[in-house]
Amino acid sequence: MRFLLNLIILFCFQSIGAFAQKSFLLSGEIRDINDTPISMALIAIEGSKTGCYADDNGKYSLKITSGKHTIVISAYGYKLLKKTIEIQNDKTQNFVLEKLAIDLETVNVYGKSRSQQIREGSFSVNSIEIKQLASSLNNLNTTIGRSSGIKIRENGGVGADFDLSINGLSGNSIRYFIDGVPLSSMGNGVSLANLPVNIVERIEVYKGVVPAELGSDALGGAINIVTKKEVHNYVDASYGIGSFGTHKADFNAQYVHPKTGLFVLPSLGINYSKNNYEMRDVEVLDTTTNSFKKINTKRFHNDYFSAFTQLKIGVNNKKWTEIFSVSTSYFYSDQELQTGSVQTWVYGMATREKKAFNLSGQYQKNEFFIKGLSTNISLSQTWDKKVVVDTTYRQYYWDGYSTSASGNEISGGAKSIRHIERPLTIGRANFNYSINSKHVINFNYVINYLTNNRYDDLDSEFEPSKDIFNKQIIGISYNQKFWNDKLDNTLFLKDFISYLEIGQQDQSWITGSDEVERSSTTSNYGYGVSSRFRFIEQLAVKGSYEHSIRLPLAKEYLGNGTTIDPNFKLEPENSENINLGLFGSFHIASEHHINYEMGLFYRKVEDYIRYVPDQNEGNGQYDNVNNVTVKGIEGELRYDYRNLFQVIANMSYLDERNKTKYQDNGKPEVTYNNHMPNRPWLFGNLEFNFRKNDIFGYKNNQLKLAYFFQYVHWFYLTWEGYGTLSSKSTIPSQYQNNVELTYSLENKKYNISFEAENIFDCTLYDNYMMQKPGRSFFLKLRIFIN
């Protein structure tokens, strides 16, 4: 706390000197002659590199020094506007643009997209534009997995569970949000893998240190999915087909009534795949010799189907609200289970079904009662249910052959139709107060109230139960900007309050329910600071620190009713997270653009929670590891030439080790200073993009060719301290090559995309050495009517 106090005193002295700087805030709205907001309009100061983009409501804010300036406003499809204004204090200035077809590439003004502004803030964050990738075949998982410091590993094909790692910390250490609200509000089955791409504008990936306004108890970082908020009418529909019986369809549309501001936004996403890709060198039983042999064979019980639909209705840009909306969504998935936690445990009949119905509302208002105060309030109720059917007493092998068994496939117990019902209430209230252009205070409150109901239709020995898990997160932050935004500082404080009421008492020797109180309340504090200083456009430095707390998730405490056993003895994780970064950009002859980023990170985690699979039974349990440290370095380099050619390269190295010297019984820990198992420690991505407009002699068309390469160095599957050198389990180095071709017509109204993944058909591995699909091909058609 003394460290924070010193920082506050330092920042206060900075504030005294900074008030003398003659820099003011120019803000307002960009609209057309029909009073419709123009999103992504570029506002720039002529003769400088200072500029910004208007947001989805046409609003902009730009820091500008005193004196006369010529402001240049441009937007695709509108006439260029120049206006000279005089700045002596904070000023509100609205602009109206006239429609006119114009090629914006001829306008020599500079501005930064919202994603670039976020990347250049004080937090360590990747901001990935998804709206520009809507015509490609990638899901959100694939796109995020190509950014620096991020590693995503899936347990199979389409619809499989996945593990996302940010700077070494992964899984449940990462929290997911959609427009600042926990993604779990849509149901536990909705994820980056099956959320419709067409509804997403960008994704923000916060590394280690997470802003207080997200209301998160993340330890390793957070993913915030920002949806599209355009204010015009459009229809966006796509259909894709590919290898292994894969089909994907998305539909997203919006109707806006210009006079009333009423909007209706329906969305639909469907995924289906047989996932019958080949498994290589897997053991099967040779019935003639009664011995095991290795063969190549296809997955035979791995079908996946999911459907997500949402309807949002509301109004925007009214005196009483910026946005007021109500929405309802429904998610359904039906999945055949092929394996347990490890590849050697094969299922042949078990299935899992998930359903989630959600009702939610949102109210957003600027100038809320007083000038400078804005608010964003949301409330949602989700009815979430999962059913796992496991009624077969058989032991299956990879060729589909089975033998009789004494128990069911998943747990070896009685026949089971297990129901898990988890109704969830999430409320969020965010208040942002701008004291002036340099000082902003933010208050955020989030409450999650979850009930866990378990019962079984067949297993008479299973004890139905009801658990309650409630957590509240309070965050307050103070942001200051000085010297025409050269210096950006943020201080924040968080309070994590949790309540757990345990109803299930069966299998206490596994769950630990007899060793803890039936109900308990805990409170933990976190705090942090972030800062960024820009020397020049080509060089800026940033740093951030957080004492972070992560409360165990419901599935860690309570299990999932099938493959994950509860563990009521889990302790919250806490970590000291530090990030240091260096970044900048170069513009050479107005045609060559180079952006670079480099970062160092350090995490010291106590009571680290990790999943421990049972190699013999196919299930597992989450457990605490006393002391883990993660340190590493990452970097990314981007080169663009005239929006024609782009190269992106990134590499990440991390050292994640167990620092627990002694076991609870006082004996030395054999895994002390070992690398954490099942964790890649060196990986990178290389991406080439080529775009050409007006090809084949036709106007308003575009051809895009992309190549992606991914490298993962070998790493330990289990603790390196176990066994002899020759018997240690490792996952070999991997090389993946993908190509993608997209052709668009009539300004991207009609699009066709083709992709080949793993073109050299290499054997690739993911979480716990699960084999990934081999070479595959996909075709996607998309129509976008704006």
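The values are calculated or read from the model by the stated rules, or taken from the named source; none is laboratory data. Worth saying up front: this structure is predicted, and the values here are computed from it rather than measured. Counting neighbours? That spans all protein chains shown, and the Cβs are built from the backbone with ideal geometry, glycine included. Keep in mind that these areas ignore ligands, DNA and RNA; they rest on the heavy atoms of the full protein, side chains included. Shrake-Rupley method; radii C 1.70, N 1.55, O 1.52, S 1.80 Å.
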(message) I want to confirm something. Restricting to segment 684-701 and keeping residues that are in a strand (DSSP E or B) and open to solvent by less than 30 Å² (accessible area, probe 1.4 Å), which single residue is farthest from Glu656 (Cα to Cα)?
(response) Asn689
(message) With the requirement that a residue be more than 25 Å from the chain's Cα centre (by Cα) and touching a residue at least 40 places away in the same chain (Cβ under 8 Å), what does segment 743-753 give you?
(response) Tyr743, Ser744, Leu745, Glu746, Asn747, Lys748, Asn751
(message) The conditions are (1) at pLDDT below 90; (2) crowded, with 21+ Cβ neighbours inside 10 Å; (3) not aromatic (Phe, Trp, Tyr), and Glu501 fails exactly one of them. Which is it?
(response) (2)
(message) Given the criteria in a strand (DSSP E or B), aromatic (Phe, Trp, Tyr), buried (at least 17 other Cβ atoms within 10 Å of the Cβ) and touching a helix residue (DSSP H, G or I) at 6+ places or on another chain (Cβ under 8 Å), does Phe331 qualify?
(response) yes
(message) Condition (residue is open to solvent by 20 Å² or more (accessible area, probe 1.4 Å), outside any strand (DSSP E or B), of a type in the set (Ser, Thr, Tyr) and more than 24 Å from Ser127 (Cα to Cα)) applied to segment 246-255: is it met by at least one residue?
(response) no
(request) Out of the residues in segment 26-49 that are open to solvent by less than 50 Å² (accessible area, probe 1.4 Å) and modelled with pLDDT under 80, state the one that is nearest to Trp483 (Cα to Cα). (result) Ser48
(request) Considering only segment 456-490, state which residues are part of a strand (DSSP E or B), of a type in the set (Gly, Ala, Ser) and modelled with pLDDT under 90. (result) Ser465
(request) Only residues in segment 692-707 that are under 14 Å from Ser135 (Cβ atoms) and in contact (Cβ under 8 Å) with a residue 40 or more places away in the chain count as the first member; pair them with residues that are open to solvent by less than 70 Å² (accessible area, probe 1.4 Å) and hydroxyl-bearing (Ser, Thr, Tyr), Cβ under 7 angstrom, at least 6 apart or cross-chain, and list the lot. (result) Asn701/Ser744; Gln702/Ser744; Leu703/Tyr743; Lys704/Thr742
(request) Scan segment 506-519 and give yes if some residue there is touching a residue at least 40 places away in the same chain (Cβ under 8 Å), within 21 Å of Asn376 (Cβ to Cβ) and open to solvent by 20 Å² or more (accessible area, probe 1.4 Å), otherwise no. (result) no
(request) Among the strands (runs of 3 or more DSSP E) lying completely within segment 730-786, list those that include at least 3 residues that are in contact with an Asp or Glu (Cβ under 6 Å, 6 or more places away or on another chain). (result) 776-785
(request) Find all pairs meeting these conditions: Cβ atoms under 7 angstrom apart; at least six residues apart or on different chains; first residue within segment 237-261 and at positive phi and of a type outside the set (Phe, Trp, Tyr); second residue outside any strand (DSSP E or B) and open to solvent by 50 Å² or more (accessible area, probe 1.4 Å). (result) Gly245/Lys274
(message) I need the full set of residues from segment 544-562 which are at pLDDT below 85 and open to solvent by 30 Å² or more (accessible area, probe 1.4 Å), in order please.
(response) Leu553, Lys555
(request) Using the structure shown, decide if Asp236 is touching a Gly at 6+ places or on another chain (Cβ under 8 Å), charged (D, E, K, R) and either assigned to a strand (DSSP E or B) or within 29 Å of Asn155 (Cβ to Cβ) (or both). (result) no
(message) If I ask for residues that are touching a residue at least 60 places away in the same chain (Cβ under 8 Å) and loosely packed, with under 14 Cβ neighbours inside 10 Å, which ones from segment 284-316 would you list?
(response) Thr287
(request) Select from segment 421-453 the residues that are β-branched (Val, Ile, Thr) and either buried (at least 22 other Cβ atoms within 10 Å of the Cβ) or touching a Pro at 6+ places or on another chain (Cβ under 6 Å) (or both) and write down the one among them that is farthest from Gly475 (Cα to Cα). (result) Thr451
(request) Would you check if Val210 is in a strand (DSSP E or B) and either over 25 Å from Asn57 (Cβ atoms) or touching a Leu at 6+ places or on another chain (Cβ under 8 Å) (or both)? (result) no
(request) Can you tell me which residue within segment 134-162, out of those that are open to solvent by 20 Å² or more (accessible area, probe 1.4 Å) and assigned to a strand (DSSP E or B), is modelled with the highest pLDDT? (result) Ile152
(message) Step by step: first the residues of segment 454-479, then only those that are farther than 26 Å from Ser216 by Cβ and in contact (Cβ under 8 Å) with a residue 60 or more places away in the chain, then the one that is most open to solvent (accessible area, probe 1.4 Å). Which residue is that?
(response) Leu458
(message) Looking only at segment 186-243, filter to residues that are open to solvent by 10 Å² or more (accessible area, probe 1.4 Å), small (Gly, Ala, Ser) and under 20 Å from Thr328 (Cβ atoms); which one of those is nearest to the chain's Cα centre (by Cα)?
(response) Ser191
(request) Tell me, yes or no, whether segment 363-374 has at least one residue that is within 32 Å of the chain's Cα centre (by Cα) and modelled with pLDDT of 95 or more. (result) yes
(request) Name the residue, out of Ser124, Ser136, that is over 17 Å from Ser652 (Cβ atoms) and of a type in the set (S, T, N, Q). (result) Ser136
